[in-house]
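The structure under discussion appears below in the form of structure tokens.
Throughout, read-outs are computed from the coordinates displayed, never taken from laboratory work. From a predicted model like this one, the values you see are computed outputs, not experimental measurements. FYI the Cβ positions are ideal-geometry reconstructions off the backbone, even for glycines, and counts take in every protein chain you see.
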Amino acid sequence: VTPEPATKIVAALDRLARGLRAHRQAVAGPRGLTPLQIDLLATIGQGPPPEPLVGLLARELGVSQPTITDAVRALHAKGLVTRLPVIADRRRTSVVLTTDGARMVDELARCDAALVDAVAALPRPDQETALDVLLGLIGRLVDVGIIDIARTCMTCRFHEVHAGKHRCALLDLDLPPAERRVNCPEHQPAIAAAGI
Ligand code: SF4
């Protein structure tokens, strides 16, 4: 029996996830890092959000706080991050990139160039359709509780659709597929339980 398209899509996503995991491992290994450590560096490099506190970083990356604490300790030992007291609450510390850490984040971003190039080789309308479909799918996985944090337009309380046109009510912006955001700092969840 031929599987339903939905089953094949989940299988395709699984294949993509395995490919990306293997890519991360290949990038991390020669640099003496783990895939989690490179995700952590990239998240600190992009943020906030989230604020670079251990608990929030753990939630962002879907791992436990002790796991993030260990990863921060390892990155600190390599001179890639340091911890600074939070000004408003000096009992807490932020995790901050060092100069070497910022350099490593740039280097890691360059390692993703092959991935971006592969996607960029698709015709532009296909890229826009893929982005639209993927953001819709992320929204559905947020709805059913499989994805915790997603700062996308489709999961945002400011996202509106009028006469088939998508808009951001906060920024007063039209949102054709190419303009929809994957990780928007202004995002607020449409459903209170959806996250950050
Ligand atoms: S605030 Fe950001 S995520 Fe929300 S609709 Fe506007 S652009 Fe999209």
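For the reader, a short list of remarks on this structure follows.
- Counting only Cβ charges, +1 for Lys and Arg and -1 for Asp and Glu, the dipole size of the chain around its Cα centre is about 580 debye.
- Selected from 148, 112, 89 as most flexible by GNM, with the chain as the system and alpha-carbon contacts under 10 Å: 89
- Using the Karplus relation 6.51 cos²θ - 1.76 cosθ + 1.60 with θ = phi - 60°, the per-residue 3J(HN,Hα) values for the range 45-50 come to x, 7, x, x, x, x Hz, with x marking Gly and Pro.
- Global form of the range 1-148, assessed from the alpha-carbon gyration tensor, a/c cut-off 1.5: prolate
- All-pairs alpha carbon distance profile, the range 48-87, 10 Å steps from 0, percent: 30, 57, 13
- Once the Cα atoms are used to define both axes, helix 5-28 deviates from the longest principal axis of the chain by about 30 degrees.
- Between residue 129 and residue 51, the FRET efficiency estimated from the beta carbon spacing at R0 = 35 angstrom works out to 0.50.
- The range 85-196: translational diffusion in µm²/s, Stokes-Einstein, Kirkwood Rh over Cα pairs, 37 °C, 0.692 mPa s: 197 µm²/s
- Amide H to amide H, with H built 1.01 Å from N, residue 150 comes under 5 Å of 196, counting only residues 5 or more places away or on other chains.
- Relative contact order computed over the chain (Cα-Cα under 8 Å; 6+ residues apart), in percent: 13 percent
- Karplus-based coupling profile of the range 94-110, in residue order and whole Hz: 8, 9, 10, 5, 7, 4, 5, x, 5, 5, 5, 4, 4, 5, 5, 4, 5, with θ = phi - 60° in 6.51 cos²θ - 1.76 cosθ + 1.60 and x standing for Gly or Pro.
- Mean residue ellipticity (222 nm) of the chain, computed from DSSP H runs ≥ 4 via -39,500 (n - 2.57), nearest 500: -16000 deg cm²/dmol
- Placed amide H near residue 188: partners under 5 Å, 5+ positions off or other chain: 157, 158
- Nonlocal amide H pairs with residue 93, under 5 Å, H built at 1.01 Å: 86
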